[in-house]
Amino acid sequence: MTLKRRLFISNIMMLVLPFLLVWALGLGIGIALFGMQGRNFNTEYWYRGGRGIIISLIMMALAVTITVAINRVLTRKIITQVMKPLDALIYGARQFSENNLGFRLNYRDDDEFRTVCDTFDEMAVRLEKNESSRRELIAGISHDLRTPLTAIKVSIDGIQSGVAATDEQRKKYMGIIENKSADMEHIINQLFLFSKLDMDEFPAEMRNINCGDMIADCIDELSDEYEQRGLSLIMQELPRTLYITIDPVLFRRVIINIFENAVTYKTAEQGRLFIGCIETESSVEISLADDGPGVAPENLEKLFDVFYRADLSRNNVARPGERTGSGLGLAISAKIIAKMGGVIRAELPAAGGLAMVIRLPLIQDAYHGK
């Protein structure tokens, strides 16, 4: 029963019960003191000598007393019913302050507090997940920074100890230091961008863009670079009449992140990435499908987690050559696409490999000014 209904019933009881009790008590006193004549009450004796006034005052006093007593009992009951969930919420908040994020209220009463307590439990689940993500983020950062730091340290030790005795060896070590420093800078820049997107503090300059032209320009600009790195960018049919509202700079970063993922995990000497675009009911879907290794179906959604590493446990063994991580690139891509009002998902094409599918709202009006 809801608190609103309980309060309504208690208010009715506070009005009706005192009236009934006073009426019954007054009737009993009248009968006892003045008697009845036949089947009718003797009103002549009732009001004789001001007795009626005295009895009325007594009845009023009794009515007030009974009303106060009933109100006290019912109010205490309502307060108890209200304090029960409030005490549970206070206790839950204390558990959170003590970092016990696994605590749940599990409130079962069917009243207004049910929604509040269920929301509290949902918040607890999100906090616990965020805490787990934070720990994974720290572990991922440590993992990804350890390798270049170790290479830099070894190279510096080689130079200082005289192992690099020739100019050619010293140049080699300095090249390693330069490359690994660039890797670290890239990781830090990715982390900075991810944190800004996560806090919704990264500005976006949204513009109405021709989807097909935008993708074609990216491919024309980057195809030679990735061809040299062993990845052929193959443009499929791209409609040139579809317009979407995006930040071109951020969208280009998403495309590059997907390109980088494909070139990192390609297995053939010259991998291929097929880029296509189709129109749906009210959106446009951009597909980027490579011919590299796929992932286990249950790991598709995890690819967009921060520093995801495939679980190589007995029950989830990665296939030979399967992608085992996505760093920050795909996690950043998911946040950018969400910021633009779209979604990104991973699919396993029938021909093999892995496909990233971006869905963005389609501009419906006829005018597509920038």
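The values are calculated or read from the model by the stated rules, or taken from the named source; none is laboratory data. Being a predicted model, the structure only gives us computed values, none of them experimental. Positions of Cβ are backbone-derived with ideal geometry, glycine not excepted, and every protein chain shown enters the neighbour counts.
Points to keep in mind about this one:
- Single residue of the stretch 275-298 satisfying the filter (part of a loop (DSSP other than H, G, I, E, B) and of a type in the set (Gly, Ala, Ser)) that is nearest to Ile244 (Cα to Cα): Ser282
- Restricted to the stretch 160-182, and to residues there that are without any contact (Cβ under 8 Å) to a residue 24 or more places away in the chain and surrounded by 15 or more Cβ atoms within 10 Å (Cβ to Cβ), the residue that is farthest from Ile337 (Cα to Cα) is Ala164.
- Matching option when the condition is in contact with a Leu (Cβ under 9 Å, 6 or more places away or on another chain), surrounded by fewer than 18 Cβ atoms within 10 Å (Cβ to Cβ) and more than 17 Å from Ile344 (Cβ to Cβ), among Glu205, Glu221: Glu205
- Number of the condition not met by Leu197 [criteria: (1) touching a strand residue (DSSP E or B) at 6+ places or on another chain (Cβ under 9 Å); (2) closer than 24 Å to Ala331 by Cβ]: (1)
- Glu260 part of a helix (DSSP H, G or I) and free of Cβ contacts under 8 Å to residues at least 40 places away in the same chain: no
- Looking across the stretch 139-156, the residues that are exposed (fewer than 12 other Cβ atoms within 10 Å of the Cβ) and either charged (D, E, K, R) or at pLDDT below 80 (or both) come down to Ser142, Arg146.
- Residue in the stretch 118-135 that is surrounded by 13 or more Cβ atoms within 10 Å (Cβ to Cβ) and touching a Lys or Arg at 6+ places or on another chain (Cβ under 8 Å) present: yes
- In the stretch 71-122, the residue that is nearest to Arg135 (Cα to Cα) out of those that are of a type in the set (Lys, Arg), in a helix (DSSP H, G or I) and free of Cβ contacts under 8 Å to residues at least 40 places away in the same chain is Arg94.
- Scanning the stretch 201-245 for residues that are under 26 Å from Gly341 (Cβ atoms) and acidic (Asp, Glu) returns Glu201, Glu205, Asp213, Asp217, Glu221, Glu237.
- Scanning the stretch 213-223 for residues that are in a loop (DSSP other than H, G, I, E, B) and more than 19 Å from Asp291 (Cα to Cα) turns up nothing.
- Within the span defined as the stretch 244-252, every residue fails to be more than 33 Å from the chain's Cα centre (by Cα), at pLDDT 85 or above, among the aromatic types (Phe, Trp, Tyr) and not in a strand (DSSP E or B).
- From Glu237, Glu185, residue being assigned to a helix (DSSP H, G or I) and without any contact (Cβ under 8 Å) to a residue 60 or more places away in the chain: Glu185
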